[in-house]
Amino acid sequence: IKSLILIDTSSEPEPKDKMLRNKAMLLVAKYIGLSPLAGKVMSMFFGPEFLKDPSRRALREPWKNHFKSNDRVGIVKAVKGVIFREGITRELAKISHPATIMVGENDQLTDLTKAEILQAHLNNASLHVIPRAGHVSPIEEPAIVNSIIEEHLHHV
């Protein structure tokens, strides 16, 4: 490993105040299915500009359909892995490789504060806020994200 690119992620455990919502969504996914959750998940993952922009409707629909068609068992396992994970912030000081951190300006799941925690605990990290993006900034603002990735790779 020569460097890290961290996008819309966190070293912190899932916030306790979100646990009831997350567990309820897991129960719906497990016993009812993913379709009833699609609208909520879209609003959690994507920023308001992406969700409201009429010119991006053709981009939104496949993602919504993709979520609804996912394997329920797999989704439940993946989400459990996220919401019950332990934090690793105290381990970050062991990493000395260059790191580029990106976070969507409107990311509700791993917000700017969490990205700043990453930056503060990594020895050699830069932080970039992706304008107009939510939790999936590479989908919402691919040109900006790709430009930052190219810049990172050019320097390492």
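The table below gives the values:
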| read-out | value |
| --- | --- |
| The range 62-94, subset open to solvent by less than 50 Å² (accessible area, probe 1.4 Å) and either assigned to a strand (DSSP E or B) or touching a His at 6+ places or on another chain (Cβ under 9 Å) (or both), residue nearest to Phe50 (Cα to Cα) | Thr89 |
| Checking Leu59 against (1) at pLDDT 95 or above; (2) open to solvent by 40 Å² or more (accessible area, probe 1.4 Å); (3) under 30 Å from His154 (Cβ atoms), the condition it does not meet | (1) |
| Selected residue (only one of Gln108, Gln119 is at pLDDT below 95, surrounded by fewer than 21 Cβ atoms within 10 Å (Cβ to Cβ) and not aliphatic (A, V, I, L, M)) | Gln108 |
| Matching residues, the range 1-23, being part of a helix (DSSP H, G or I) and either of a type outside the set (A, V, I, L, M, F, W, C) or more than 30 Å from Arg90 (Cα to Cα) (or both) | Lys16, Asp17, Lys18, Arg21, Asn22, Lys23 |
| Where a residue in the range 41-56 is closer than 26 Å to Ile75 by Cα and modelled with pLDDT of 95 or more and its partner, wherever it lies, is among the polar types (S, T, N, Q) and in a helix (DSSP H, G or I), with Cβ under 8 Å and at least six apart | Leu51/Ser43 |
| Where a residue in the range 94-106 is in contact (Cβ under 8 Å) with a residue 24 or more places away in the chain and farther than 17 Å from Ile148 by Cβ and its partner, wherever it lies, is polar (S, T, N, Q) and in a loop (DSSP other than H, G, I, E, B), with Cβ under 9 Å and at least six apart | Ile95/Asn123; Ile95/Asn124; Ser96/Asn123; Ser96/Asn124 |
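The values are calculated or read from the model by the stated rules, or taken from the named source; none is laboratory data. Treat the numbers as computed from the prediction; the structure is a model and nothing was measured. When we count neighbours, we look across all protein chains shown, and the Cβ atoms used for this are built from the backbone with ideal geometry, even at glycine. Quick note on the areas: whole protein, heavy atoms, side chains included, nothing else; ligands and nucleic acids left out. Shrake-Rupley method; radii C 1.70, N 1.55, O 1.52, S 1.80 Å.
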